[in-house]
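Before any comments, here is the structure.
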Amino acid sequence: MKRRKYFDWEQAFHFIWQNADEDGIWHGNAVSLAAEFEVSEDDTESVLDELRDRHLIEKLCTGSFYLSKWREK
């Protein structure tokens, strides 16, 4: 995938949504998101924090993320 000019919570959420399993769980983390968008891990941590603040995702104890507004595909 090509490097994005601008990385924000909307792009991250779209990627997470598209890569979640059928139960609405994304088995990724800041490291994998940073690699996908070719940005720093700090940037992805900030974006993941923003997604949690917006109540769009919740971090599970396994380190994965659950999509709060998930509807089955």
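Worth a mention:
- Helix 41-53 and the longest principal axis of the C-alpha atoms of the chain enclose an angle of approximately 40°.
- For Rg and Dmax of the Cα atoms in Å, the value computed from the atomic coordinates appears in the list [x] 11.4, 32; [y] 13.9, 50; [z] 11.9, 35 under label [x].
- Helix 9-18 and the long axis of the chain differ in direction by around 50°, with both axes built from C-alpha atoms.
- The distance between label points at residue 19 and residue 6 comes to 2.2 nm (points 7 Å beyond Cα on the Cα→Cβ vector).
- Estimated inter-spin distance, residue 50 and residue 32, nm [label 7 Å along Cα→Cβ]: 2.2 nm
- Ligands, DNA and RNA excluded, the heavy atoms of residue 45 present near 80 Å² of accessible surface to a 1.4 Å solvent probe.
The values are calculated or read from the model by the stated rules, or taken from the named source; none is laboratory data. Computed from a prediction, not measured in an experiment: that's the story for all the values here. Virtual Cβ from ideal backbone geometry, glycine too; neighbours counted across all protein chains shown. To get the accessible areas, we keep the full protein, side chains included, count just its heavy atoms, and leave off ligands, DNA and RNA. Shrake-Rupley method; radii C 1.70, N 1.55, O 1.52, S 1.80 Å.
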